[in-house]
Amino acid sequence: MRMEKSMNLVEMKHVRKQFDGLQVLSDISISVKEGEVVSIIGPSGSGKSTLLRCATLLENMDAGELSYHGEKVVWEEKGKAVTASHKEIKRISRNFGLVFQSFHLFPHYNVLKNVMDAPVCVDKVPKEEAKRRAMDLLKQLGLEDKAYNYPCQLSGGQQQRVSIARALALQPNVLFFDEPTSALDPELTSEVLKVIKDLAKQRMTMIIVTHEMKFAKEVSDRIIFMEGGVIVEEGTPEELFLSKNPRVQEFIGKLEE
Amino acid sequence: MSITTILSQLSQGMIISVEIFVLTLLFSLPLGLIVSFGRMSKNKILQQIVKIYIAIMRGTPLMLQLMAIYFAPYYLFGLKITTQYRFTAVIIAFSINYAAYFAEIYRGGIESMPIGQYEAAKILGYNKGQTFFKIILPQVIKRILPSITNETITLVKDTSLAMVISVAEMFTIAQRISARETSMFPLVIAGIFYFIFNYIVAFIMEFIEKKYRYYEG
Ligand SMILES: Nc1ncnc2c1ncn2[C@@H]1O[C@H](COP(=O)(O)OP(=O)(O)OP(=O)(O)O)[C@@H](O)[C@H]1O
Ligand SMILES: [Mg+2]
């Protein structure tokens, strides 16, 4: 399938998800184009993480559709969500990467190996080339002198940058971030946000769950406000920050203080 | 009987004891991992069977299990029990007994691993085998090494149980000579042997634990 320029890179349609009777996502539809940066904001428990986990197949959705570049990964048959075959998923999954709130680096691998191991083991990139690529990425993220350190020897901000490098090493088309700075001290937050801003400048497609309003405003083409498992409002940063919706106003106001 | 003859007879026993020790570890460490998979299996029937197996292995004396394995061919199949089978019976009994203990240690280690490690591996595209053997198992081994050390030290002492089916390991021989010569000397030597054996085992295990100390976590 040849993709058109205008085709959505990520598309979720009418996604629903329950956890033991609790409706966490109700009828969520999101589409993201190539090169777009979309932030998702909303109060705790609104389903932001669950949405990212459904998009990255860490969680099975109950109903709805998910596709990358127009290729369906999950779709509905007789009102139930069906997932593509294992082989299809493996191929289509290479479109995306995910950066976790608490990094989840592999503690027994040094920084370099954390970054180059998946390209070597999964993508079968020759070791030398994987290493060169990993070193380039580490340099780009200001970590070249940490290549042979272990994650436990790094600050939280450095660990998060390594995890970003690890995700980038597989050359994904879209990168999801789930509160990438929530586990970090304020001083360390800015170094991670700077890295994400740099990626935005390079037109990396990104979907970012964040509580950093100033950052979201700066970096995003579009902001989505979620609450109670539904999208309450969606628009450009200007539109959202000038929203008439009292819930949106209240939420943004609270975080901006 | 001269000291040299006693020592040379005892040294035959030492070799057997060391053999029991090494072979038991060689079989029970991998077997324990397989058993732990059964114990954690989603298949309820398999899980239940493995649970019962572990309960029996840990709930009855190893000495009794040793005798059961030794006499089983005769009582179950009417086969004649040969002398060579004695040693085999010891290795079988010890391996399946220790596998049960190791299985529970592996399970504890595997279940203590944060789910995030699995999720990170999945997102990066590692398959199930790569995730387990490259990401999970090395970290599990680091976590369980202290418990494994405890079991290996117990195993050194347990090798003397082979005496009940007259396998000529260290303790069997020491006791025989001691009774014949009415002397405590062989038993003292046996005690020293087990002590030194364990000292070496502890030293090796500490060395391995140190090797895993290159990272924290
Ligand atoms: N595995 C799970 N089992 C049961 N309930 C879950 C599970 N994961 C999430 N939930 C529930 O789903 C709801 C949405 O959770 P989610 O983590 O998606 O929210 P969030 O918007 O990411 O919140 P936060 O800002 O605190 O990260 C919460 O009520 C949570 O308790
Ligand atoms: Mg969350």
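The values are calculated or read from the model by the stated rules, or taken from the named source; none is laboratory data. Since the structure is predicted, the reported quantities are computational estimates derived from the model, not experimental observations. Glycine also receives a Cβ, built like all others from the backbone with ideal geometry; neighbour counts cover every protein chain displayed. Accessible surface is based on the protein model in full, side chains and every heavy atom, while ligands, DNA and RNA are left aside. Shrake-Rupley method; radii C 1.70, N 1.55, O 1.52, S 1.80 Å.
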From the set of residues in segment B:159-217 that are outside any helix (DSSP H, G or I), without any contact (Cβ under 8 Å) to a residue 24 or more places away in the chain and away from chain A (no Cβ under 14 Å), which is nearest to the chain's Cα centre (by Cα)? B:M184
Note on segment A:114-129: residues closer than 20 Å to A:Q159 by Cα and more than 10 Å from chain B (Cβ to nearest Cβ) are A:V115, A:M116
Only one of (1) buried (at least 18 other Cβ atoms within 10 Å of the Cβ); (2) away from ligand 1 (no atom under 16 Å from the Cβ); (3) of a type outside the set (K, R) fails for A:P180. Which number is that? (2)
Inside segment A:193-212, can you point out the residues that are away from ligand 1 (no atom under 16 Å from the Cβ) and not in a loop (DSSP other than H, G, I, E, B)? A:L193, A:K194, A:V195, A:I196, A:K197, A:D198, A:L199, A:A200, A:K201, A:T205, A:M206
Can you run down the residue pairs with Cβ atoms below 6 Å, 6 or more apart or on separate chains, where the first is in segment A:40-51 and within 14 Å of chain B (Cβ to nearest Cβ) and the partner is open to solvent by 10 Å² or more (accessible area, probe 1.4 Å) and more than 6 Å from ligand 1 (Cβ to nearest atom)? A:S49/A:D178; A:T50/A:K17
Report every pair of residues separated by at least 6 positions or lying on different chains whose Cβ atoms are under 6 Å apart, first residue within segment A:184-203 and open to solvent by 70 Å² or more (accessible area, probe 1.4 Å), second not in a helix (DSSP H, G or I). A:R203/A:G35
Which members of segment A:132-169 meet the condition of being surrounded by fewer than 21 Cβ atoms within 10 Å (Cβ to Cβ), within 14 Å of chain B (Cβ to nearest Cβ) and in a loop (DSSP other than H, G, I, E, B)? A:Y148, A:N149, A:Y150, A:L154
Considering (1) more than 16 Å from ligand 2 (Cβ to nearest atom); (2) at pLDDT 95 or above; (3) more than 14 Å from the chain's Cα centre (by Cα), say which one A:F19 fails and leave the rest. (1)
